[in-house]
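K.L.:
Here you go, one structure.
The values are calculated or read from the model by the stated rules, or taken from the named source; none is laboratory data. Please read all numbers here as calculations on a predicted model, not as lab measurements. Cβ sites come from the backbone with ideal geometry, for glycine too, and all protein chains shown count toward neighbours. Surface accessibility is based on the protein's heavy atoms, side chains included, excluding ligands, DNA and RNA. Shrake-Rupley method; radii C 1.70, N 1.55, O 1.52, S 1.80 Å.
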Amino acid sequence: MLLMEQNTYIEFYSNTIEDYSNQMKRQISIMLEKERKIRYEKQQSFLDDKHCMYFDKKDYANIIKKTVSDINFINFYDKFDFLKMYKHSVPFFYEGFSDEIIEGLLNTQNKLKQYSEEIPTEYTIASGIEEVIPVFYKLDDESFFIKFVYQKFYFKPDTGEEVNYRYVIVVYFNKKSKMLDIRYDSLKFFSGDSRLIYNKNIENILFWLKSNLKINIYNCDSKNFLDIINVKDSEVKVFKQMMDMGSSGQAELTASEDSDFILPFIGEIKELIDENEELFNKVPEIKKLLEDYLTEKEITASYPFVYLMWKRAVVAKQFIIKVTFSYFENNYIQLHHITGNCIDVRMERMNDAIQYFGTSGALVKGEEI
């Protein structure tokens, strides 16, 4: 890893967060205020930190823009990497973990770093997944995270300008369920089959975990998935599905590989874009988002999947997860965490889901990887 200028380092953070949803920016602002890193009162208490930044109103976009551009807030955003909700995750079971292994790695140079609230003095970001020195963060006695960060870039659709950003992958360990899941967001403005990159990242991280933590990792077996999910009075309900359910409703079934049959509207939307090319070219970001969405739908159309809803007394707390079976080369399961109307954009809903899958029997330990 090569050292970079402070301004360049901060720019990676700014470019990563600038397209976060309004709900995510609101959540970050709430956390900043709760940790007394920002304030809305003009009079500052002597108890406040000297870096507590003042804002005259709750303009969340402006709050994010100002704080993420300040080196004094970088450690906060490093911590938020662990706590945020990611769009995707891939679950596994594990055995053989010991705290002593973590302590040993933390005391060995260039193996594993401890998350620190100290302001960074050296500015480096790995250029690829193989070069990453991961960061450890302990949430509580039952769970912890290991974070991998490396550089990615894309070209702005309208200007062609190169934009560098941090690509973050977080591994969450739940000791109670003996499960871990690898969490990541979609690549920004990526053209092509993103599964190839996701699959490579997952394989690299699994190799690191097995080599360094000395744990055994197992694939998830979903043979009893729908039998468990369909139990009455469960808080988790099937929202919708694309499966041939067969006689016993097992998850080991196939969907049609004819994507045009499953999703006939894809061709119609593509035709709509072509017919209105001049109009769409005026808003290239929207055109690119639509094209990426259609590409993803075509890629996933041939895989069986099911949407699950976590029912809550408060509707705004309900959330939906799309479970796609046999999505990767090695038949891993992918969870797509859908924001929808849920106001909770922290990691708690992801943690709830992984614990549910592990303790309910919806997913059980399969073959060792």
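K.L.:
Can you go through Ser326, Ser256 and tell me which one is modelled with pLDDT under 65 and polar (S, T, N, Q)?
P.N.:
On the way: Ser326 fails: modelled with pLDDT under 65.
Only one candidate qualifies: Ser256.
K.L.:
Scan the stretch 90-102 and report the pairs whose first residue is in contact (Cβ under 8 Å) with a residue 60 or more places away in the chain and whose second residue is acidic (Asp, Glu), with Cβ atoms within less than 6 Å and a gap of 6+ or a chain change.
P.N.:
Cβ pairs passing all conditions: Pro91/Asp181.
K.L.:
So which pairs qualify, if the first residue must be in the stretch 323-334 and farther than 13 Å from Lys200 by Cα and open to solvent by less than 10 Å² (accessible area, probe 1.4 Å), the second must be part of a loop (DSSP other than H, G, I, E, B) and among the aliphatic types (A, V, I, L, M), the Cβ gap must be under 6 Å, and the two must be at least 6 apart or on different chains?
P.N.:
Phe325/Ala251; Phe325/Ile333
K.L.:
Any idea which of Asp244, Asp233, Asp227 is more than 30 Å from Leu2 (Cβ to Cβ), assigned to a helix (DSSP H, G or I), at pLDDT below 85 and of a type in the set (Asp, Glu)?
P.N.:
Asp227
K.L.:
Taking only the stretch 163-208 into account, find how many residues are in a loop (DSSP other than H, G, I, E, B), under 14 Å from the mean Cα position of the chain (by Cα) and of a type in the set (D, E, K, R).
P.N.:
2
K.L.:
May I pose another question? From the list Lys113, Lys66, Lys87, Lys25, which residue is touching a residue at least 12 places away in the same chain (Cβ under 8 Å), among the basic types (Lys, Arg) and crowded, with 17+ Cβ neighbours inside 10 Å?
P.N.:
From the options Lys113, Lys66, Lys87, Lys25, the qualifying one is Lys25.
K.L.:
Out of the stretch 149-159, which residues are open to solvent by less than 40 Å² (accessible area, probe 1.4 Å) and either over 19 Å from Leu112 (Cβ atoms) or touching a helix residue (DSSP H, G or I) at 6+ places or on another chain (Cβ under 7 Å) (or both)? Give the derivation first.
P.N.:
Residues of the stretch 149-159 that are open to solvent by less than 40 Å² (accessible area, probe 1.4 Å), as a first pass: 149-150, 154.
Answer for the stretch 149-159, where residues must be open to solvent by less than 40 Å² (accessible area, probe 1.4 Å) and either over 19 Å from Leu112 (Cβ atoms) or touching a helix residue (DSSP H, G or I) at 6+ places or on another chain (Cβ under 7 Å) (or both): Tyr150, Tyr154.
K.L.:
While we're on this one: Any idea which of Glu296, Glu291, Glu285, Glu278 is closer than 22 Å to Tyr198 by Cα, in a helix (DSSP H, G or I) and at pLDDT 75 or above? Quick ask: steps written out before the conclusion?
P.N.:
Values: Glu296 fails: at pLDDT 75 or above; Glu285 fails: closer than 22 Å to Tyr198 by Cα; Glu278 fails: closer than 22 Å to Tyr198 by Cα.
Result of the check over Glu296, Glu291, Glu285, Glu278: Glu291.
K.L.:
Which numbered condition trips up Thr8, out of (1) closer than 26 Å to Ile354 by Cα; (2) open to solvent by 30 Å² or more (accessible area, probe 1.4 Å)?
P.N.:
Against the list (1) closer than 26 Å to Ile354 by Cα; (2) open to solvent by 30 Å² or more (accessible area, probe 1.4 Å), Thr8 comes up short only on (1).
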